[in-house]
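Enquirer: Dropping the structure in here first, questions after.
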Amino acid sequence: MKSGKLSTAARREQNWGYLMVAPTIIGLVVLNVWPFIQTIYASFCEHLGFGHYKFIGLDNYINMFRDSDFWRATGNTLLFCILTVPVGIFLSLMVAILLNARVSFKSGFRTIFFLPMVCAPAAITMVWRWIFNSEYGILNQILGTRIAWVTDSRVALISCAVVAIWSAIGYDAVLLLSGLQNISKSYYEAASIDGAGKITQFFKITLPMISPTLFVTMIMRLMTSLKVYDLIYMMVEETNPALTSVQSLIYLFYRESFVAGSRGSGSAIAVWTVLLIGIVTVFQFIGQKKWVNYEV
Amino acid sequence: MRKKSMENSKRMGKIITYAALIFGSIIMIFPFVWMILTSSKTVSESMQIPPTIFPSRIMADNFAEAIASLPFLNMYINTILMIIFRVIFAVLFSSMAGYAFAKLRFKGKNFLFGIVLMQMMLPSQIFIIPQYQMVAKLGFANSVAALVFPGLVSAFGTFFLRQSYLAIPEEVGEAAYLDGCNQWQTFSKIMFPLTRSSVAALTVFTAVFAYSDLMWPLVVNSDLKMMTLSSGLATLRGQFSTNFPVLMAGSLLAMLPMVILYLIFQRQFIEGIAMTGGK
């Protein structure tokens with residue numbers, strides 16, 4: 001390397017390197033890098049049909065920022081995150097702690113909580129729509145209410161959040177459980193000898209020790225929530241009166257790009273979503289310094 | 001005395017733990033049970049107030065109706081083929097690239113790996129319009145190939161398998177080299193078999209992800225015969241908006257294969273998905 005010339009063996013190694021990464025890199029360039037550039041370009045264009053675009057400058061963005069549906073979708077997406085992430089992570093942590101206790105039938109419980117993860121969201125939301133059905137749904141029958149869980153614009157997003165939390169609990173709990181299992185038992189023994197109760201132990205040992213895993217799990221949950229689409233799409237069809245108070249950014253993106261066919265403004269929504277995810281991530285990483293403990 | 005009260009509180013703790021776990025399990029299982037029960041009811045029975053818990057008789061009519069209105073056989077085949085091809089491509093190409101990124105020295109490695117990381121950080125929707133245009137332009141919309149298309153390479157798989165190649169000590173490769181293996185032989189005969197558990201995890205992850213994916217199959221294959229189980233269900237929802245027994249039967253049909261696989265290989269599934277997500 002230093003002399004600028006490689007030995008035969010090193011050159012051979014380099015050639016093998018290029019050869020072995022070639023399929024992946026070529027694939028990524030064709031399927032992702034180039035499309036990424038095209039989407040950014042298309043966001044400044046009007047789609048004329050058949051893949052032809054005309055440059056129109058910032059018009060898509062100006063129209064987007066003037067569109068109340070767009071702001072509602074942004075708000076819905078953020079609200080969806082606020083509804084799902086804290087509650088979901090809290091419940092998952094509870095499940096993980098319960099599973100970490102010495103219980104029999106542990107793997108059975110784990111299998112049950114994890115089950116929604118292997119079911120397509122399209123199938124899962126179908127039964128939830130039935131449970132939530134305002135006239136004949138079992139939930140209203142049990143509660144003795146007549147709430148329109150998926151068509152009332154005031155509660156529809158909450159209903160979607162419930163399904164999202166229910167779907168993800170097992171997954172997040174399994175991740176957190178692996179973090180809990182890494183905490184050495186000796187900490188708890190020492191704390192017990194010092195007379196610390198279970199609750200003190202939780203706040204002084206469990207929480208700080210698990211904070212790195214908690215952070216990773218939270219980031220992943222947040223990312224998934226910001227990109228939510230399939231669940232809301234299946235719960236709230238386009239003719240649903242609650243649509244505008246539930247539709248997420250990616251749902252709006254889908255409708256704009258593939259239902260309305262305006263791929264220019266659709267691309268602008270996609271670019272905006274990427275920016276939003278970037279901003280939220282940066283805040284998360286700044287915030288983590290305050291509570292995540294990497295000392296261990 | 002003190003010992004006894006401690007034992008009592010321990011027993012109380014145990015009871016609370018079990019009660020909470022059982023309560024949670026009921027909430028997790030109930031939708032599935034309700035789906036099964038409803039799928040056997042007639043429409044009028046499903047709309048009875050107060051509702052019946054158990055169907056008056058076990059019947060397969062709803063399943064027959066779901067199968068009659070959707071080409072389930074095609075949907076199964078499309079989904080299975082999509083999964084098989086995506087898994088093969090993801091495992092093959094990601095193993096090769098993961099090995100090269102972890103073990104080989106070549107110029108521009110960091111830059112190329114940066115492309116991998118960039119893809120992982122961006123949401124897939126930012127690529128979807130141009131990807132769709134490529135498929136449309138090349139004229140293979142409404143095909144299995146179209147379903148597989150965005151999954152030909154896997155940035156995540158590359159990143160994930162690179163980790164497991166990094167965990168293999170350098171001595172293993174050196175020993176193979178001294179035995180006269182070239183890079184390809186070292187990779188395929190010595191290194192690749194060592195990553196078995198990671199490859200299994202990637203397989204599970206890729207399969208579940210492809211199976212759940214909704215937007216891409218919906219966009220690219222509009223022909224009913226070329227739909228996946230997920231996108232087909234979305235269509236069924238439109239057809240039978242109030243006939244919930246048929247919708248439940250259809251959902252069950254779509255879910256069953258994956259659930260059965262999961263129940264057989266539950267440890268591999270859970271560990272696979274947790275491994276790919278965690279670290």
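The values are calculated or read from the model by the stated rules, or taken from the named source; none is laboratory data. On a predicted model such as this, the values are computed, not experimentally measured, just so you know. Reconstructed Cβ throughout: ideal geometry from the backbone, glycine too, with neighbour counts over all protein chains shown.
Enquirer: What is the number of the single condition among (1) surrounded by 12 or more Cβ atoms within 10 Å (Cβ to Cβ); (2) within 29 Å of A:T111 (Cα to Cα); (3) at pLDDT below 90 that B:M35 does not meet?
Expert: Result: B:M35 fails condition (3) only.
Enquirer: When the residues of segment A:104-131 are filtered to those that are basic (K, R) and more than 7 Å from chain B (Cβ to nearest Cβ), which remaining residue is nearest to the chain's Cα centre (by Cα)?
Expert: That would be A:R129.
Enquirer: Considering (1) more than 7 Å from every other protein chain (Cβ to nearest Cβ); (2) touching a residue at least 60 places away in the same chain (Cβ under 8 Å); (3) assigned to a loop (DSSP other than H, G, I, E, B), say which one B:F140 fails and leave the rest.
Expert: Only one criterion in (1) more than 7 Å from every other protein chain (Cβ to nearest Cβ); (2) touching a residue at least 60 places away in the same chain (Cβ under 8 Å); (3) assigned to a loop (DSSP other than H, G, I, E, B) is unmet by B:F140, namely (2).
Enquirer: Test each condition in (1) within 27 Å of B:G232 (Cβ to Cβ); (2) at pLDDT 90 or above for A:G108 and report the one that comes out false.
Expert: Failing condition for A:G108: (1).
Enquirer: Condition first: of a type in the set (D, E) and buried (at least 21 other Cβ atoms within 10 Å of the Cβ). Now tell me which residues in segment A:209-260 satisfy that.
Expert: A:D230, A:E256, listed by residue number.
Enquirer: Separate question: Could you figure out which of (1) hydroxyl-bearing (S, T, Y); (2) surrounded by 18 or more Cβ atoms within 10 Å (Cβ to Cβ); (3) at the interface with chain A (Cβ under 10 Å from one of its Cβ atoms) isn't true of B:S40?
Expert: Unmet condition: (3).
Enquirer: Still on this model: Residue under question is B:L233, and the condition is that it be buried (at least 22 other Cβ atoms within 10 Å of the Cβ), farther than 23 Å from B:I83 by Cβ, at pLDDT below 95 and within 7 Å of chain A (Cβ to nearest Cβ); does it hold?
Expert: Judged against the criteria, B:L233 is not a match.
So that you can scan it fast, the table gives a plain yes or no per residue for (1) of a type outside the set (K, R); (2) more than 16 Å from the chain's Cα centre (by Cα); (3) surrounded by 15 or more Cβ atoms within 10 Å (Cβ to Cβ):
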| position | (1), (2), (3) |
| --- | --- |
| A:V155 | yes, yes, yes |
| A:S159 | yes, yes, yes |
| A:V163 | yes, no, yes |
| A:G170 | yes, no, yes |
| A:N182 | yes, yes, no |
| A:Y188 | yes, yes, yes |
| A:A191 | yes, yes, yes |
| A:D194 | yes, yes, no |
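Enquirer: Tell me which helices (runs of 4 or more DSSP H) are completely within segment B:189-279 and hold 2 or more residues being farther than 28 Å from B:M120 by Cα, or say none if there are none.
Expert: Where helices (runs of 4 or more DSSP H) fall fully within segment B:189-279 and carry at least 2 residues being farther than 28 Å from B:M120 by Cα, they are B:229-239, B:244-264.
Enquirer: When the residues of segment B:245-279 are filtered to those that are at the interface with another protein chain (Cβ under 7 Å from one of its Cβ atoms) and among the small types (G, A, S), which remaining residue is surrounded by the most Cβ atoms within 10 Å (Cβ to Cβ)?
Expert: B:S251
Enquirer: Ok, one more. Would you please list the contacts, defined by Cβ atoms under 8 Å and residues six or more apart or on different chains, that run from a residue in segment B:174-197 that is assigned by TED's automatic domain parsing to the domain that holds B:L161 and on the phi < 0 side of the Ramachandran plot to a residue that is of a type in the set (F, W, Y) and surrounded by fewer than 18 Cβ atoms within 10 Å (Cβ to Cβ)?
Expert: Every condition considered, the pairs that remain are B:T186/B:Y177.
Enquirer: Hey, B:F240 hits all of (1) over 22 Å from B:A141 (Cβ atoms); (2) modelled with pLDDT of 90 or more; (3) crowded, with 18+ Cβ neighbours inside 10 Å but one; which does it fall short on?
Expert: With respect to (1) over 22 Å from B:A141 (Cβ atoms); (2) modelled with pLDDT of 90 or more; (3) crowded, with 18+ Cβ neighbours inside 10 Å, B:F240 is out only on (2).
Enquirer: Could you tell me whether any residue of segment A:67-80 is out of contact with any helix residue (DSSP H, G or I) (no Cβ under 8 Å at 6 or more places or on another chain) and basic (K, R)?
Expert: no
Enquirer: The conditions are (1) in contact with a helix residue (DSSP H, G or I) (Cβ under 6 Å, 6 or more places away or on another chain); (2) more than 10 Å from chain B (Cβ to nearest Cβ); (3) within 30 Å of A:N100 (Cα to Cα), and A:W149 fails exactly one of them. Which is it?
Expert: It fails just one condition, (3).
Enquirer: Do we find that A:I25 is closer than 17 Å to B:I115 by Cβ, at the interface with chain B (Cβ under 7 Å from one of its Cβ atoms) and surrounded by 15 or more Cβ atoms within 10 Å (Cβ to Cβ) in this structure?
Expert: yes
Enquirer: Is it true that B:F85 is in the same structural domain as B:F160 (by TED's automatic domain parsing), under 30 Å from B:V172 (Cβ atoms) and in a helix (DSSP H, G or I)?
Expert: The answer is no for B:F85.
Enquirer: Among residues belonging to segment A:132-142 that are assigned to a helix (DSSP H, G or I) and at the interface with chain B (Cβ under 9 Å from one of its Cβ atoms), point out the one that is surrounded by the most Cβ atoms within 10 Å (Cβ to Cβ).
Expert: Once the filter is applied, the top-ranked residue is A:I138.
Enquirer: Hey, any hits in segment A:89-105 for a residue that's assigned to a helix (DSSP H, G or I) and out of contact with any helix residue (DSSP H, G or I) (no Cβ under 9 Å at 6 or more places or on another chain)?
Expert: Yes, the conditions are met somewhere in segment A:89-105.
Enquirer: Something else about it: Tell me, which residue of segment B:94-123 that is of a type outside the set (A, V, I, L, M, F, W, C) and more than 8 Å from every other protein chain (Cβ to nearest Cβ) is farthest from B:N182 (Cα to Cα)?
Expert: B:G114
Enquirer: In segment B:91-129, what count of residues is obtained for those that are under 17 Å from the mean Cα position of the chain (by Cα) and at pLDDT 95 or above?
Expert: Residues meeting the conditions: 1.
Enquirer: Please enumerate the residues belonging to segment A:67-124 that are among the polar types (S, T, N, Q) and surrounded by 21 or more Cβ atoms within 10 Å (Cβ to Cβ).
Expert: A:N76, A:T77, A:T84, A:S92
Enquirer: Do any helices (runs of 4 or more DSSP H) lying entirely in segment A:185-276 carry at least 2 residues that are within 19 Å of B:S231 (Cα to Cα) and not charged (D, E, K, R), and which ones are they?
Expert: Counting at least 2 such residues, we get A:230-235, A:249-254.
Enquirer: Do you know which of the residues in segment B:1-57 that are aromatic (F, W, Y) and assigned to a helix (DSSP H, G or I) is farthest from B:M248 (Cα to Cα)?
Expert: If we take residues in segment B:1-57 being aromatic (F, W, Y) and assigned to a helix (DSSP H, G or I), then B:Y18 is farthest from B:M248 (Cα to Cα).
Enquirer: Would you call B:P51 more than 27 Å from A:G170 (Cβ to Cβ) and in contact with a Leu (Cβ under 8 Å, 6 or more places away or on another chain)?
Expert: Against the criterion (more than 27 Å from A:G170 (Cβ to Cβ) and in contact with a Leu (Cβ under 8 Å, 6 or more places away or on another chain)), B:P51 does not qualify.
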